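A.B. asks: Structure in C-alpha cells, see below.
The values are calculated or read from the model by the stated rules, or taken from the named source; none is laboratory data. Remember, it's a predicted structure, so these values are computed and weren't measured experimentally. Using ideal geometry, Cβ is built from the backbone for each residue, glycine included, and neighbour counts are taken over all protein chains shown. SASA here: full protein model, heavy atoms, side chains in, ligands and nucleic acids out. Shrake-Rupley method; radii C 1.70, N 1.55, O 1.52, S 1.80 Å.
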Amino acid sequence: MRPTILLTGKTGQLGSELHRLLPRLGNVLSPDRSDLDLRDPEKIRRVMRDAKPQLVVNAAAYTAVDAAETDEVGALAVNAQAPEVLALEAKKLDALLVHFSTDYVFDGSKTSSYLESDVPNPLNAYGRTKLAGEEAIRNSGADHLIFRTSWVYATHGRNFLLSILRLATEREELKVVANQTGAPACAFDLAEATTRILAGANSQFVLAEVSGTYHMTAAGETTWHEFAIAILEEARRAPQTLSWLASATNGRPIIARRVLPISSEEFHSPTRRPAYSVLSNARLKQAFDVTLPDWRTQLQRCFSPERTPLNPSAVLSSH
C-alpha cells in the first residue's frame, strides 16, 4: 500500500522540487496556502486529521531573512509554531515529520565545519525562529528528520542566483560580500537527497531509529563573492535556449564585467549573518549513505540543458 504524504510549501524553491519527486514514493497531498495556512494552528490540525498521512514533509518556511528582523512574530508563527502543531499531530498519527532548517542557527564563530552536536547561537530573528521550530519538533516526541541546509537557491523564486543574473544585465560592476563563507545548495539536489533517504526507509534502515537532526548541504565551501563569479561564468557558457535563464535575464545580455569583493559592513544589511556557516555532512553520510555534490557541481548542473528529473527506478533502487 502506498503511503499518504502531506507536503507543505509546494510552490517554494524546495517544495516544488519535492512536489515533483515525492509522488514516486506515495500519494501526495499538497494543499494550497488557502487550504493550509500555516499561521492558523486550527487549520493545520484539521488538515492533518482529515488527511491522516504516514509522512509529513514540511518544506514551507518564512525565509525573508531581512524582513524577519521587523516581523519576528510572523516568522515565529510559520517557522516555529506551525512545525510544533505538525509535530504534535504527527505524533498522534504515528507519522514521520521531515522538516528543513538552516545554517543560520549558528553564530559563525567556528572556523571548521559545524557538527550537529555544536551548540546553536543564532545572530538574527530568522535563525532564532528556525531554532525554535527545531526545538519544538524535538520536544514533541514525534519521529522526525530535521535537515539543516544552507544558502538554498533554485532556478525559480527569489534567491541569490537569480538576483545576480538580473543585476548582471543591469550593471557593469557588481559588489558582493566576500567575508561570509558557506556552502550554496541547489533545491534540486536537496530534494533528490531527501527522496533517496525516504526511499531507503524499511529496507536500509528503520526511520524511527534514525530520528534526529542532520546537516544536508553541498560539499565544499565558498563566499558570496566567489559564488557570484561562478554564477556569471556558468551563465556565459550556458546555451541561451535555457528557458529559466532567459526568464531570469529577461532575454537581455549579461553586461557585468567586474565583481568586486566588499565586506558585510559595507553591504549595510539590517541583519547580522554568520561569518562562517559551513555544515559537516558526515553524519548524513554515515546514517543514510547519501552524499551531495560539491557546490560548484550543483551550480553547473543548474545550467546544464541535459539536466532531467530523477528516474523513478533510480530513486527507488538507490538502497
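A.B. asks: By a straight-distance test (C-alpha under 20 Å), which aspartates and glutamates pair with residue 91 as possible cross-link partners, with residues fewer than eight away in the same chain excluded?
C.D. replies: Answer for residue 91, where 20 Å is the Cα cut-off: 40, 42, 50, 134, 135, 143, 209, listed by chain and number.
A.B. asks: Moving on. Putting +1 on Lys and Arg Cβ atoms and -1 on Asp and Glu Cβ atoms, find which of 215, 199, 178 reaches farthest to the positive end of the dipole of the range 112-224.
C.D. replies: Looking along the dipole axis, the top candidate is 178.
A.B. asks: Also, I was wondering about something else. Considering only protein heavy atoms and a 1.4 Å probe, what is the carbon-and-sulfur percentage of the accessible area of the chain?
C.D. replies: Looking at the chain in its full context, I get 49 percent from C and S.
A.B. asks: If you don't mind, there's one more thing I want to ask. For the chain, report the accessible area per residue in Å² (1.4 Å probe, heavy atoms, rounded to an integer). Could the numbers behind the result be given before it?
C.D. replies: Details: 14210 Å² over 319 residues.
Each residue of the chain exposes 45 Å² on average to a 1.4 Å probe.
A.B. asks: Here is a further query. Nearest-5 percent of antiparallel DSSP beta bridges in the chain?
C.D. replies: 5
A.B. asks: Around residue 212, what is the net charge, scoring Lys/Arg as +1 and Asp/Glu as -1 over all other residues with Cβ under 15 Å from its Cβ?
C.D. replies: Working: positive: 138, 148, 283, 285; negative: 116, 118, 134, 135, 143, 209.
My count for the surroundings of residue 212 gives -2.
A.B. asks: If I stretch the segment between residue 252 and residue 42 completely, what's the gain in nm (0.36 nm per residue apart, minus their alpha carbon distance), one decimal?
C.D. replies: Working it through step by step, the gained length comes to 70.9 nm.
A.B. asks: Let me know the shape class of the range 5-57, please: from the alpha-carbon gyration tensor, a ≥ b ≥ c as square roots of the eigenvalues, rounded when a/c is under 1.5, otherwise prolate if a/b is greater than b/c, or oblate.
C.D. replies: Details: a/c = 2.71, a/b = 1.33, b/c = 2.03.
In terms of gyration-tensor shape, oblate.
A.B. asks: Hand me the chymotrypsin sites (Phe, Trp or Tyr not before Pro) from the range 143-181 located in a DSSP loop with no more than 15 other Cβ atoms within 10 Å, in residue order please.
C.D. replies: none
A.B. asks: Going Cα to Cα from residue 92, which lysines come in below 16 Å? Please leave out same-chain ones fewer than 8 positions away.
C.D. replies: Straight-line reach from residue 92, under 16 Å: 52.
A.B. asks: Take the Cβ-Cβ distance between residue 32 and residue 267 as r, set R0 to 41 Å, and report the resulting FRET efficiency rounded to the nearest 0.05.
C.D. replies: Details: r = 36 Å, r/R0 = 0.87.
Plugging the Cβ-Cβ distance into 1/(1 + (r/R0)^6) gives 0.70.
A.B. asks: Rounded to whole Å and sorted largest first, what semi-axes of the equivalent ellipsoid does the C-alpha gyration tensor of the chain yield via the square root of 5 times each eigenvalue?
C.D. replies: 31, 22, 19
A.B. asks: Between residue 73 and residue 11, with labels modelled 7 Å along Cα→Cβ, what's the label distance in nm to one decimal, could you check?
C.D. replies: 2.5
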